[in-house]
1. Separation between the D88 and E7 pseudo-spin-labels, each 7 Å from Cα along Cα→Cβ, expressed in nm?
2. When the Kirkwood hydrodynamic radius is evaluated over all pairs of different C-alpha atoms of the range 1-133, what value in angstrom, to one decimal, is obtained?
3. Stretch A199-H212 to full length: gain in nm at 0.36 nm per residue minus the Cα-Cα span?
4. Using the 2.2 N^0.38 Å rule of thumb for compact globular proteins, work out how the range 102-231 stacks up: its C-alpha Rg over that value, please.
5. Tally Lys/Arg at +1 and Asp/Glu at -1 over every other residue whose Cβ is under 11 Å from the Cβ of R89; what's the total?
6. Add +1 for every Lys or Arg and -1 for every Asp or Glu among the other residues with Cβ under 13 Å from the Cβ of T9, and state the total.
7. Considering the dipole of the range 47-139 built from charges on the beta carbon (Lys and Arg +1, Asp and Glu -1) around the Cα centre, which of V81, V47, V91 is farthest to its positive end?
8. Going by average Cβ neighbours within 10 Å, how do the peptides 191-200, 6-15, 117-126, 168-177 rank, with the highest at the top?
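Derivation of every value follows stated rules applied to the coordinates shown; laboratory data play no part. Here the structure is a predicted model, which is why all the values come from computation and not from measurement. Heads up, the Cβs are rebuilt from the backbone with ideal geometry, glycines too, and the neighbour counts pull from every protein chain shown.
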Amino acid sequence: MGDRYEERTSRFDGAIVWTLSVPRGAVHPVLPDGCMDLLWIGGRLLVAGPDTRATTPSAPPGGQCAGIRFAPGTAPALLGVPAHELRDRRVELADLWPAGRVRVLTERLAEAPDPAAALENVALRLAAGSAPPDPLMRYVAERLGAGRSVADTAHLAGLGARQLHRRSLAAFGYGPKTLARVLRLQRALALARSGTPYAEAAARAGCTDQAHLAREMRDLAGTTLTAYLGR
């Protein structure tokens, strides 16, 4: 039996609620996407920081996990932690918040018939009591996600290069050039999954050519397009 992944649009703005079932002991590769996730795995609450490379976390006991994936630049305001402190890390929520607060949430999740929906409700409650995400960084992510250059995006946002880099570290976990690469790769993968030929997917995503896309796959995903999509 193979992996089973399901997702839906969240009531939390820009987020995705997802569930994953994998065979015991299996691994499920996760590619960089510019996002951060709140995870429910094996009875534990964890936070997945923004990745700069592919990860292959082991399946939890029973092979079941759930999460809510926040759009780039959204999670730091909820968690109260700059994104760069969690870059390429998976950390216990109890390492970020008071243990008593996390214990209450853990008990609530353990009793929930639908942990993914319960995670969504946690995020909505957090948002109601938190400052909103930096709207300018949300704008930056949207522009980069649409294929605009870093220089053009900085100009449109009214930010100098150093300002943009500093604020991007806090919001996204890395600088705007890295975020642009990650989002470009995700655009190319979405096109390739839909059946677009690799060379056309590369061009439409903003790569110079198919060889450029192949290099980005090796650098960011540690694999090839054919191997990843074939899986």
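1. In this crude spin-label approximation the distance works out to 2.3 nm.
2. Details: mean 1/r = 0.0668 Å⁻¹.
Evaluated over the range 1-133, this radius sits at 15.0 Å.
3. Values: separation 13, 0.36 × 13 = 4.68 nm, distance 0.98 nm.
Full extension of this stretch gives 3.7 nm more.
4. On the way: Rg = 18.6 Å, N = 130, 2.2 N^0.38 = 14.0 Å.
The range 102-231 yields a ratio of 1.33.
5. Working: positive: R87, R90; negative: D51, E85, D88, E92, D95.
It works out to a net charge of -3.
6. Details: positive: R8, R11, R69; negative: E6, E7, D13, E120.
Around T9, the surrounding residues sum to -1.
7. In the range 47-139, that residue is V81.
8. Working: 191-200: 13.6, 6-15: 15.6, 117-126: 18.7, 168-177: 22.8.
Descending packing order for the listed peptides: 168-177, 117-126, 6-15, 191-200.
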